[in-house]
Amino acid sequence: MSGDSPVDGLLTTLRSFVQARSMQEHWQTYTIFSEMVGWDVPPILLQGREKLRVVAYMAKRIAKLDFEKHSVKVEPTKDGHKQISMICTFHVIVLPEFLPIPTIKLQATVNLGVSDDFNKVTSIYGRIHNFPCLPDVIRRTNAYCLGTIGVATEPWWSQTVWLYGDHSYQNKTK
């Protein structure tokens, strides 16, 4: 992690995860999440770091993501951990970029449950304010199809990602 404070470092690493395109970049940054991290951000509702890594990677086959934070507030929780509340704008660029689709800007509030030393994100709860939220059944179905099945079938689909210019899996076996 980097930054002037532990919170800045955590948010910098989180932003790197959001911006990551290759699986190598996801492997380098996803360790900030606890093993059983809860992710409740549209359009996905899931639990588990490995599922989160695979879902994030697959989502970035159709869009580039980034966010800019507008305000950050840190508060203690009842269980001795911390909560980081962040108001931000997510920038979504639909791929391929030559399509005449403008950048989508999503206004959001994101609450991160974090360890008291700011080393692990234990939960992520987000709400988008300028776009409707999908029903939970669709979000859970998305998580099952992309997360559970994605992790289970990773040994097979990972053999084809070089077609998209990602050589992370090939480099990992060397």
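The values are calculated or read from the model by the stated rules, or taken from the named source; none is laboratory data. This one's a predicted model, so the numbers in the text were calculated from it and none came from an experiment. Positions of Cβ are backbone-derived with ideal geometry, glycine not excepted, and every protein chain shown enters the neighbour counts. Remember, those area values only see protein heavy atoms, side chains included, never the ligands or the DNA or RNA. Shrake-Rupley method; radii C 1.70, N 1.55, O 1.52, S 1.80 Å.
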Report summary line: Scanning the stretch 13-40 residue by residue, the ones that are open to solvent by 60 Å² or more (accessible area, probe 1.4 Å) and assigned to a helix (DSSP H, G or I) total 6
Requested in this report: Filter the stretch 41-76 down to residues that are in a strand (DSSP E or B) and of a type in the set (D, E, K, R) and give me whichever is farthest from P96 (Cα to Cα).
Outcome: E75
Report task. Restricting attention to the stretch 158-171, report how many residues are loosely packed, with under 14 Cβ neighbours inside 10 Å and not polar (S, T, N, Q). Result -> 4
Report summary line: Filtering the stretch 48-68 down to residues that are at pLDDT 95 or above and surrounded by fewer than 15 Cβ atoms within 10 Å (Cβ to Cβ) yields D66, E68
Report task. Can you tell me which residue within the stretch 115-174, out of those that are touching a Phe, Trp or Tyr at 6+ places or on another chain (Cβ under 8 Å) and part of a loop (DSSP other than H, G, I, E, B), is farthest from D79 (Cα to Cα)? Result -> Q159
Query raised in the report: Quick check: is even one residue across the stretch 72-81 touching a residue at least 12 places away in the same chain (Cβ under 8 Å) and touching a Cys at 6+ places or on another chain (Cβ under 7 Å)?
Result: no
Query raised in the report: From the list S71, S115, S123, which residue is small (G, A, S) and either touching a Gly at 6+ places or on another chain (Cβ under 9 Å) or open to solvent by 60 Å² or more (accessible area, probe 1.4 Å) (or both)?
Result: S123
Query raised in the report: What number goes with the only condition from (1) within 23 Å of D8 (Cα to Cα); (2) free of Cβ contacts under 8 Å to residues at least 12 places away in the same chain that I101 does not pass?
Result: (1)
Query - Per-region count, the stretch 126-151, residues closer than 18 Å to S85 by Cβ and surrounded by 15 or more Cβ atoms within 10 Å (Cβ to Cβ) - result: 2
